[in-house]
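Heads up: the structure comes next, in structure tokens.
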Amino acid sequence: MNIAVIGTGYVGLVTGAGFSEFGINVICVDKDVEKIARLERGELPIFEPGLDDIVQRNVAAGRLRFTTDARSAVQQSLVIFIAVPTPPQEDGSTDLSYVDEVARTIGEHLDGYKVVVTKSTVPVKTAERVRKGVVQAAQAAGKRSIRCSVASNPEFLREGSAVEDFLHPDRVVIGADDPEAVAILKDLYKPLNLIEVPFVITNVATAELIKYASNAFLATKISFINEISALCEAVGADVHHVSRAMGLDGRIGRKFLHPGPGYGGSCFPKDTLSLVQFSREFGVEQRIVAATVAANDAQRERMISKVEKMIGPVRGKTIGALGLSFKPNTDDVRESPAIWVIRELQKLGARIRCYDPEAMKTASRELSDVDFCEDAYDTAKGSDALLFLTEWNEFRKLDLVRLKELLRDPVVIDMRNVCEPAEMAQMGFRYTGVGR
């Protein structure tokens, strides 16, 4: 079977590479000529552990190709995945202009039965919009008798472990109203039967909503434990013990109960806002999700207050920042709490020195007037305080004696609870974490 994946961002590239690993012939399409040229040279536009290996292996095997020729890709493929960006607009609603463009492109080049699948995260009823766009474009091109199914197959890929998530998912959700489309998509994922991955087969609207409900619930867990962390600080409790005890309850689970500077990334911020917005179009208020968004914003503000409490007015101070990506094992800085904190401190007049193992290049497109450093120690040199903003493993075992010698003042504001408070106090640091 031949399939096409339109869009070569995180979702599209991992999806295309993953299906090629299943032995399927995949054509990845993007209109960005330079990006496709880089991919053809074997240069990945993103950092994702394990992705480079499977891309190289399947390109060499002839199962994975990259092109800007959407017409050829559509006509050679039975299944076409839409994996283009769906960024937020100013009011929080989802910009579907890229999805609309792809729908028109598919319609213009249809030459037989196709299954068009939304892989991007899109509001409920977007599949109907895609179907209408495909049909209208096909009719405008003089094609009136071609059949086309539109389905939803949401992704649940975590950046930093996206390859593993694709090859060993918790579940596969297929939303389609056409039994033929369901059968074709189940066949694509057939290798997962060997590891007994559960399949959820449902209608399109339900599949679209599953993704939003899942992300909103996880974001809510993060905001909840962050609010509890503030209470822990006020009463002298330890949020790590609270979250561990909560997580041992099978009804709650231990994941996403780690306090920090708030959630970020390409999914949670935009998906929570989008769910609140499109729910209103159907006359429904998402009060809990709206509160989650507000709590996340407040948590970020609380991090700035922590810095000011530790070092006083930041104007004229030099602050070292360790971590720029929104989470470890990725170079993605979209909606990164680290970037937000740095910008806010700059507004208050601080000079910033920063380091990240992988996200320096992507962060350089988001930050200006900062000093990018060689490593954690270079970042600490001459700084009035050191911030831990992303919990990269290499930050967990730093030479504390050396750090203290390099800092102008031994102040550490640990927004990811990387360090142990007792050890930091013993070493002579003025230290604060989150909820401890």
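The values are calculated or read from the model by the stated rules, or taken from the named source; none is laboratory data. Everything numeric in this text was worked out from a predicted model, so none of it was measured. Here Cβ is always computed from backbone atoms with ideal geometry, including for glycine, and neighbour counts include all displayed protein chains.
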**Message:** Where the second residue is assigned to a strand (DSSP E or B) and the first is surrounded by fewer than 17 Cβ atoms within 10 Å (Cβ to Cβ) and lies in region 153-176, which pairs have Cβ atoms under 6 Å and are six or more apart or on separate chains?
**Reply:** ARG171/VAL200
**Request:** With the checklist (1) in contact with a Leu (Cβ under 8 Å, 6 or more places away or on another chain); (2) surrounded by fewer than 18 Cβ atoms within 10 Å (Cβ to Cβ); (3) closer than 19 Å to ILE82 by Cα in hand, flag the one item ASN203 doesn't pass.
**Result:** (1)
**Complete:** Quick count over region 412-423, residues being at negative phi and either part of a loop (DSSP other than H, G, I, E, B) or surrounded by fewer than 20 Cβ atoms within 10 Å (Cβ to Cβ) (or both), is 8
**Request:** Go through region 137-173 residue by residue and tally those that are among the aromatic types (Phe, Trp, Tyr) and part of a loop (DSSP other than H, G, I, E, B).
**Result:** 1
**Prompt:** Can PHE81 be described as part of a helix (DSSP H, G or I) and touching a strand residue (DSSP E or B) at 6+ places or on another chain (Cβ under 6 Å)?
**Reply:** no
**Message:** Suppose the filter is touching a residue at least 12 places away in the same chain (Cβ under 8 Å), under 25 Å from GLU420 (Cβ atoms) and either crowded, with 23+ Cβ neighbours inside 10 Å or in the same structural domain as ILE339 (by TED's automatic domain parsing) (or both); does LEU248 pass it?
**Reply:** no
**Prompt:** Do we find a residue being at pLDDT below 95 and not in a helix (DSSP H, G or I) anywhere in region 267-287?
**Reply:** yes
**Request:** Go over the candidates GLU43, GLU48 one by one and state the one that is under 19 Å from LEU167 (Cα atoms) and either outside any helix (DSSP H, G or I) or of a type in the set (Phe, Trp, Tyr) (or both).
**Result:** GLU48
**Request:** Please enumerate the residues belonging to region 8-61 that are touching a Cys at 6+ places or on another chain (Cβ under 8 Å), among the small types (Gly, Ala, Ser) and surrounded by fewer than 24 Cβ atoms within 10 Å (Cβ to Cβ).
**Result:** GLY12
**Number of the exception - ARG131 against (1) within 25 Å of the chain's Cα centre (by Cα); (2) among the charged types (D, E, K, R); (3) under 26 Å from SER93 (Cα atoms)** = (1)
**Request:** Confirm whether GLU101 is assigned by TED's automatic domain parsing to the domain that holds ASN25 and on the phi > 0 side of the Ramachandran plot.
**Result:** no
**Fill in**
Those residues of region 91-127 which are within 17 Å of ALA176 (Cα to Cα), touching a residue at least 60 places away in the same chain (Cβ under 8 Å) and of a type in the set (D, E, K, R) amount to LYS119, LYS125
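For every residue, the table says whether it meets (1) polar (S, T, N, Q); (2) out of contact with any His (no Cβ under 9 Å at 6 or more places or on another chain); (3) closer than 29 Å to VAL235 by Cα.
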site	(1), (2), (3)
ASN393	yes, yes, no
ARG396	no, yes, yes
ASP399	no, yes, no
LEU407	no, yes, no
MET415	no, yes, yes
VAL418	no, yes, yes
MET424	no, yes, yes
TYR431	no, yes, yes
GLY435	no, no, yes
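Table: residues versus (1) modelled with pLDDT under 95; (2) within 23 Å of GLY264 (Cα to Cα); (3) not in a helix (DSSP H, G or I); (4) not β-branched (Val, Ile, Thr).
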{"position": "ALA37", "(1), (2), (3), (4)": "no, no, no, yes"}
{"position": "PHE66", "(1), (2), (3), (4)": "no, no, yes, yes"}
{"position": "ARG71", "(1), (2), (3), (4)": "no, no, no, yes"}
{"position": "GLY92", "(1), (2), (3), (4)": "yes, yes, yes, yes"}
{"position": "ARG104", "(1), (2), (3), (4)": "no, no, no, yes"}
{"position": "PRO123", "(1), (2), (3), (4)": "no, yes, yes, yes"}
{"position": "ARG129", "(1), (2), (3), (4)": "no, no, no, yes"}
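For (1) in contact (Cβ under 8 Å) with a residue 40 or more places away in the chain; (2) touching an Asp or Glu at 6+ places or on another chain (Cβ under 9 Å), each residue gets a yes or a no:
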| position | (1), (2) |
| --- | --- |
| LYS309 | yes, no |
| THR318 | yes, yes |
| LYS327 | yes, yes |
| ASP331 | yes, yes |
| GLU344 | yes, yes |
| ASP356 | no, yes |
